[in-house]
Ligand code: PHE
């Protein structure tokens with residue numbers, strides 16, 4: 001079935017839809033554990049600097065490319081320059097690889113929602129609960145299947161709009177609840193040390209890995225360097241200001257991530273202490289810390305249940321946008337109908353997701369480049385493919401179609417591109433050179449060749 005390219009109604013509609021894709025587990029689950037792991041305040045500082053420079057530039061470029069060409073990534077890059085058609089395919093690999101493991105985490109969220117709803121919250125707060133859960137062969141796989149099943153159903157039936165409507169109400173509630181939980185935890189003994197760790201940069205903790213981790217997180221969180229914002233741009237009306245929309249999405253996305261960190265990192269200090277071991281827990285950080293917070297609250301089970309329900313919605317809007325992207329590429333390129341395309345993507349994701357889930361337990365001895373499967377897929381997409389896509393996008397815009405092409409698109413209808421000088425310099429020189437350097441240095445650092 002051919003679908004006509006519809007447009008978002010007005011600026012708010014565009015911002016909300018793009019924010020629905022951007023705000024997800026990246027903000028609430030991934031950002032806090034990276035910030036805890038990479039030195040707290042220094043990570044936060046580096047992240048914010050990158051967001052207003054690199055993030056701004058790339059999001060402007062992607063949305064403008066989408067709106068200019070009216071096409072999604074693969075077609076858009078090809079339309080701009082035949083030689084850059086491969087970039088669309090490279091970008092398309094990213095959502096295909098993220099969706100499976102994203103859904104594994106989505107499964108964990110679903111499990112916690114059900115635990116809290118059925119009064120098992122106290123249980124979930126005990127040490128070792130989470131580790132035992134994800135190491136099981138059966139249960140996490142079932143929750144994963146439920147999560148990806150819901151995602152696939154929505155994409156299959158084409159009812160994303162319904163989910164988006166619900167999440168428009170849920171999202172602001174999620175923000176309020178996150179702020180409430182953050183404020184609550186700050187009053188716990190020991191939490192202030194966590195606050196200081198989180199907001200005060202300690203420059204001795206700086207390393208290239210910090211910058212690479214922050215950069216990867218930026219791409220992930222803002223749904224950049226994977227073609228998604230190009231698609232969103234292609235739906236955007238010509239009279240909507242790209243620049244102010246991008247500013248809004250940035251503030252919204254970074255704000256939520258900031259409060260998620262504020263809710264989790266001080267709580268780690270309050271409940272377990274800020275030892276290195278406790279701060280470098282990685283993907284399990286949120287799932288181990290928050291149940292303890294809820295357990296200490298009056299009516300914690302209810303608050304926990306509401307919280308995980310809201311997170312589930314945020315995760316679903318993101319997983320739906322990931323799956324929709326991959327499905328529409330399969331439909332376009334292989335000329336498949338929606339249902340077979342959807343089933344093929346589902347089959348692929350289930351296979352990869354099951355492997356990822358088992359990698360946390362029975363297959364945890366199988367390592368790829370030293371990573372368990374989940375960390376491997378996370379690393380290869382965020383720290384390798386996305387930076388490469390970003391560099392090539394910069395070269396394309398900076399030197400082939402020239403920044404002027406983007407600036408003209410942004411200024412259609414008389415809106416002024418306020419930061420156009422910054423944009424031009426960033427996209428031509430600073431962004432590609434710095435991203436390349438960060439990539440090289442951090443690989444050297446990871447290999448132990450370089451010590452910072
Ligand atoms: N940005 C989403 C998040 O932060 C993840 C995502 C990436 C969703 C790409 C859709 C597309 O969770």
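The values are calculated or read from the model by the stated rules, or taken from the named source; none is laboratory data. Since the model is a prediction, treat every value here as computed from it, not as a measurement. Cβ: placed from backbone, ideal geometry, glycine included. Neighbour counts: every protein chain shown.
Condition test on residue 138, is it under 16 Å from residue 356 (Cβ atoms), out of contact with any helix residue (DSSP H, G or I) (no Cβ under 8 Å at 6 or more places or on another chain) and surrounded by fewer than 23 Cβ atoms within 10 Å (Cβ to Cβ)? Yes.
Where helices (runs of 4 or more DSSP H) sit wholly within the stretch 336-452, those with at least 1 residues that are farther than 20 Å from residue 282 by Cα occupy 338-358, 386-395, 402-410, 420-425, 431-447.
Only one entry of 112, 89 meets the criterion of being in contact (Cβ under 8 Å) with a residue 60 or more places away in the chain and on the phi < 0 side of the Ramachandran plot, and that entry is 112.
For residue 425, the conditions (1) at pLDDT 95 or above; (2) touching a strand residue (DSSP E or B) at 6+ places or on another chain (Cβ under 8 Å) all hold with the exception of (2). Looking at the stretch 4-81, the helices (runs of 4 or more DSSP H) lying wholly inside it that each contain 2 or more residues that are over 20 Å from residue 169 (Cα atoms) sit at 31-37, 41-50, 56-69, 73-80. The set of residues in the stretch 118-148 that are without any contact (Cβ under 8 Å) to a residue 60 or more places away in the chain and in a helix (DSSP H, G or I) comprises 123, 132, 133, 139, 142, 143, 146.
Among the conditions (1) modelled with pLDDT of 90 or more; (2) more than 18 Å from residue 31 (Cβ to Cβ), the only one that residue 159 does not satisfy is (1).
Could you look through the stretch 359-373, keep only residues that are touching a residue at least 60 places away in the same chain (Cβ under 8 Å) and surrounded by 21 or more Cβ atoms within 10 Å (Cβ to Cβ), and pick out the one that is nearest to residue 100 (Cα to Cα)? Only one residue tops the list, namely 373.
Kindly check whether there is at least one residue in the stretch 72-79 that is surrounded by fewer than 24 Cβ atoms within 10 Å (Cβ to Cβ) and without any contact (Cβ under 8 Å) to a residue 24 or more places away in the chain. Yes.
From the set of residues in the stretch 319-351 that are within 16 Å of the ligand (Cβ to nearest atom) and at pLDDT 95 or above, which is surrounded by the fewest Cβ atoms within 10 Å (Cβ to Cβ)? Per the stated criteria, the residue is 345. Scanning the stretch 165-174 for residues that are farther than 19 Å from residue 302 by Cβ and in contact with a helix residue (DSSP H, G or I) (Cβ under 8 Å, 6 or more places away or on another chain), we see that the one that is surrounded by the most Cβ atoms within 10 Å (Cβ to Cβ) is 167.
Of the candidates 76, 18, the single residue that is within 24 Å of residue 341 (Cα to Cα) and within 16 Å of the ligand (Cβ to nearest atom) is 18. Every condition in (1) within 16 Å of the ligand (Cβ to nearest atom); (2) at pLDDT 90 or above; (3) within 29 Å of residue 210 (Cβ to Cβ) is met by residue 379 except one, and the failing one is (2).
Taken as a whole, the condition of being more than 16 Å from the ligand (Cβ to nearest atom), in a helix (DSSP H, G or I) and at pLDDT 95 or above does not apply to residue 98. If you go through the stretch 198-236 and keep only what is within 30 Å of residue 448 (Cβ to Cβ), away from the ligand (no atom under 15 Å from the Cβ) and crowded, with 21+ Cβ neighbours inside 10 Å, you end up with 198, 210, 211, 212.
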